[in-house]
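K.L.:
Here it is, the structure, as structure tokens.
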Amino acid sequence: MKNEIDLVKIGLALAMLTLLFGIGMGMAFGVAEDSFKSYVAEGVAAHAELHDGKSEGKIWRYAQRAHFHAMGIAAVSMGLITLLLFSPLKAGLKRVTALLIGLGGFYPLSWLTMFILGPSIGRDAAHHHLITKLFTLVGVGGLLAGTLILIAGLLFGRPREA
């Protein structure tokens, strides 16, 4: 079993880092929620021409979404990678698939980026920022590609010999 876990350890480590990020965000909210809200309010006030009456609430929600998505994606990724351990995929493909699934943890960083950038450049610009798009592409693309490879392997892979 150790050899099997070695095949997926990078993807599993990425998923666990995503989980730690989500837990950390939740803890930060519990300890300093007012600091998050003040950051948004001060940024919106300093760049009022870029914002409307909904900006403060929506930008605060971006931070919450980073937390929610990190927790959900981490849990799903760990489940998929565990399933991958028992799949009929060959060793090299298991390694790549686990990595791809683990990359899903970049998606919550897109929400964090929008939270960080939103107050100073506006919500729309934060959504379309290069870093936001990059995190979204790597996160969603990796998770989707890894999941599709796993599904294909489960449906069409050859059963492993005992």
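K.L.:
Tell me, please, whether a residue that is closer than 21 Å to G141 by Cα, touching a Gly at 6+ places or on another chain (Cβ under 6 Å) and surrounded by 16 or more Cβ atoms within 10 Å (Cβ to Cβ) can be found in segment 38-59.
P.N.:
Filtering segment 38-59 for residues closer than 21 Å to G141 by Cα gives none.
No, because not a single residue in segment 38-59 is closer than 21 Å to G141 by Cα, touching a Gly at 6+ places or on another chain (Cβ under 6 Å) and surrounded by 16 or more Cβ atoms within 10 Å (Cβ to Cβ).
K.L.:
Let me ask something additional. What is the number of the single condition among (1) closer than 17 Å to G118 by Cα; (2) over 13 Å from the mean Cα position of the chain (by Cα); (3) assigned to a helix (DSSP H, G or I) that V31 does not meet?
P.N.:
(1)
K.L.:
Just checking, which of T136, T113, T132 is on the phi < 0 side of the Ramachandran plot, of a type in the set (S, T, Y) and touching a residue at least 24 places away in the same chain (Cβ under 8 Å)? Can you show your working first?
P.N.:
Values: T113 fails: touching a residue at least 24 places away in the same chain (Cβ under 8 Å); T132 fails: touching a residue at least 24 places away in the same chain (Cβ under 8 Å).
Result of the check over T136, T113, T132: T136.
K.L.:
I'd like to know if segment 63-77 contains one or more residues that are hydroxyl-bearing (S, T, Y), closer than 16 Å to W111 by Cβ and at pLDDT 95 or above.
P.N.:
Initially, segment 63-77 is screened for residues hydroxyl-bearing (S, T, Y), giving 77.
From the residues that got through so far, the ones that are closer than 16 Å to W111 by Cβ too are none.
Scanning segment 63-77, I find no residue that is hydroxyl-bearing (S, T, Y), closer than 16 Å to W111 by Cβ and at pLDDT 95 or above, so the answer is no.
K.L.:
Quick one: in segment 82-91, of everything that is in contact (Cβ under 8 Å) with a residue 60 or more places away in the chain and in a helix (DSSP H, G or I), which residue is surrounded by the most Cβ atoms within 10 Å (Cβ to Cβ)? Talk me through it step by step, then tell me what you get.
P.N.:
Filtering segment 82-91 for residues in contact (Cβ under 8 Å) with a residue 60 or more places away in the chain gives 83-85, 87-89, 91.
Right, trim to in a helix (DSSP H, G or I) and you get 83-85, 91.
Working: L83: 14, L84: 26, L85: 15, A91: 11.
Of everything passing the filter in segment 82-91, L84 is surrounded by the most Cβ atoms within 10 Å (Cβ to Cβ).
K.L.:
Restricting to segment 100-130, name every residue that is surrounded by fewer than 18 Cβ atoms within 10 Å (Cβ to Cβ) and part of a helix (DSSP H, G or I). I'd like the intermediate steps shown before the answer.
P.N.:
Keep residues of segment 100-130 that are surrounded by fewer than 18 Cβ atoms within 10 Å (Cβ to Cβ), which gives 120-121, 124-125, 127-128, 130.
Answer for segment 100-130, where residues must be surrounded by fewer than 18 Cβ atoms within 10 Å (Cβ to Cβ) and part of a helix (DSSP H, G or I): S120, I121, D124, A125, H127, L130.
K.L.:
Could you tell me which numbered condition T97 fails, if it satisfies all but one of (1) over 17 Å from I10 (Cβ atoms); (2) surrounded by 16 or more Cβ atoms within 10 Å (Cβ to Cβ)?
P.N.:
The one condition T97 does not meet is (1).
K.L.:
Given the residues K133, K94, which is the only one that is basic (K, R), part of a helix (DSSP H, G or I) and farther than 24 Å from G22 by Cα? Break it down into steps so the answer makes sense when it comes.
P.N.:
On the way: K133 fails: farther than 24 Å from G22 by Cα.
It is K94.
K.L.:
Would you be able to tell me the number of residues in segment 34-57 that are in contact with a helix residue (DSSP H, G or I) (Cβ under 6 Å, 6 or more places away or on another chain), in contact (Cβ under 8 Å) with a residue 24 or more places away in the chain, closer than 17 Å to W111 by Cα and not small (G, A, S)?
P.N.:
The qualifying residues number 2.
The values are calculated or read from the model by the stated rules, or taken from the named source; none is laboratory data. Note that the structure is predicted; figures quoted are calculated from it, not measured. Because the Cβ atoms are built from the backbone with ideal geometry, glycine has one as well, and the counts that use them run over all protein chains shown.
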